[in-house]
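A short worksheet on the structure shown next.
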Amino acid sequence: MFTIEASNHAGGHTRRSTKQFLVSYGSLSATLELIRNCGGRVLRITHHHQQASNSPSTPPLAVTETPSVKAKEHVQVPVNLYKPKDPFVGTVLDNYSLLAEGAIGRVNHITFDLSAGNLHYVEGQSIGIIPDGEDANGKPHKLRLYSIASTRHGDNLEGSTVSLCVRQLEYKNEVGEQIYGVCSSFLCDITPGAQVKITGPVGKEMLLPPDEDANVIMLATGTGIAPMRAYLRRMFESGEQAKNPNYKFKGKAWLFMGVPKTPNLLYEDDFNRYLSENPDNFRYTKAISREQENASGGRMYIQDRVTEHADEIFALIEDPKTHVYMCGLRGMEPGIDEAMTAAAAKRGQDWSTLRPALKKDERWHVETY
């Protein structure tokens with residue numbers, strides 16, 4: 001482990017504050033880059049050896065001794081246990097709407113029984129669904145990937161189920177015909193007892209850090225809430241806490257959720273309960289585009305909320321234990337980048353440099369579609 005002592009402007013033109021960061025060897029290079037990008041200056045780096053108490057202390061390392069190393073791999077992450085040519089066949093246990101009256105569209109929570117096989121997963125992964133039937137060419141439909149909305153223990157806490165949060169895709173084609181998504185419609189219409197071909201799990205991009213003291217900023221739109229729901233259940237659900245004796249979340253979790261209307265808020269009762277039970281550890285910020293206005297009088301989108309809270313977000317990002325997760329439609333990315341670029345510029349920072357540093361340090365996680 002290494003202690004980095006760095007100075008940073010605390011206000012005005014000359015005043016500086018000093019901070020210390022305890023980081024692993026694997027995070028050393030990226031943390032140094034992040035400090036510099038945030039306008040800081042590295043004063044001292046100390047390497048902590050495991051040594052006898054009467055051994056001389058290790059001298060501080062020169063700043064130049066910071067080789068780039070491969071990021072530490074996550075361990076015990078199951079991948080591709082079931083493949084398209086030999087999928088797992090799961091049984092639907094439950095399928096219900098997540099929307100309140102007056103919502104736009106159709107979004108369902110669907111749970112599958114996994115007890116008949118060896119399909120297991122961790123928070124932040126995805127599974128593939130192969131819908132029944134054939135395409136226009138008479139071939140079986142291809143699989144679609146969906147982010148998992150449950151923890152590794154499943155909604156029943158028995159480790160034998162997996163849940164998805166699915167929005168039925170619908171749009172009009174170039175001639176005005178109403179088109180519905182093949183797999184999303186298949187899932188939203190499916191009934192308990194039906195059997196479904198499932199592949200996976202896949203994905204390591206969105207894994208929750210094992211550090212109990214980590215800060216987790218979550219940016220979600222629509223069904224992009226799926227992995228965030230899994231994270232928050234793992235952090236705050238009492239039944240989950242009993243299942244995780246080696247993981248007791250102590251950091252700060254901040255959820256930014258974007259939807260068009262209040263009835264489209266997903267898992268709202270659970271999130272409000274977590275908020276009331278864990279006010280020191282959980283924060284919940286909503287962007288409801290058709291009901292709220294941004295500072296310019298336009299519709300309120302998630303990037304507007306990021307702009308509003310930019311100073312607090314950047315203060316958290318300066319902590320090497322902070323991770324940012326973004327999940328939802330790919331169209332949200334430019335808006336988030338624009339908001340972060342403007343916020344960074346106000347602090348004399350370059351977001352185009354800062355973001356890759358966060359990515360390199362495995363602290364900036366994006367899954368959009």
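Note on R299 and Y180: their simple-model spin labels are 2.4 nm apart, each label 7 Å out from Cα toward Cβ.
Listed peptides 111-123, 174-186, 196-208 appear in the order 196-208, 111-123, 174-186 once ranked by packing, highest mean of other Cβ atoms within 10 Å at the front.
Relative to its residue count, the range 215-368 spans a Cα convex hull of 114 Å³ per residue.
Dividing the mean sequence gap of close Cα pairs (under 8 Å, 6+ apart) by how many residues the range 97-255 holds gives a relative contact order of 27 percent. Other residues with beta-carbon under 15 Å from the beta-carbon of N264 carry, at +1 per Lys or Arg and -1 per Asp or Glu, a net charge of +2. Model label points for Y247 and E212, set 7 angstrom from Cα along the Cα-to-Cβ axis, are 1.3 nm apart. Each Lys or Arg adds one and each Asp or Glu subtracts one; over the other residues with Cβ under 13 Å from the Cβ of H365, this totals -1. Set the bar at 32 Å for Cα to Cα. Now go through K172/K261; K85/K261; K139/K261; K83/K360; K197/K359; K142/K321 and name every pair that lies beyond it. Pairs exceeding 32 Å: K85/K261; K139/K261; K197/K359; K142/K321. Given R0 = 25 Å, the distance between the Cβ atoms of D350 and K204 translates into a calculated FRET efficiency of 0.35. Using the Cβ of R234 as centre and a radius below 14 Å, the other residues enclosed give a net charge of -1, where K and R count +1 and D and E count -1.
Laboratory data are not the source of any read-out in this text; all were calculated from the coordinates shown. Everything quoted here is computed from the prediction, not taken from an experiment. Virtual Cβ from ideal backbone geometry, glycine too; neighbours counted across all protein chains shown.
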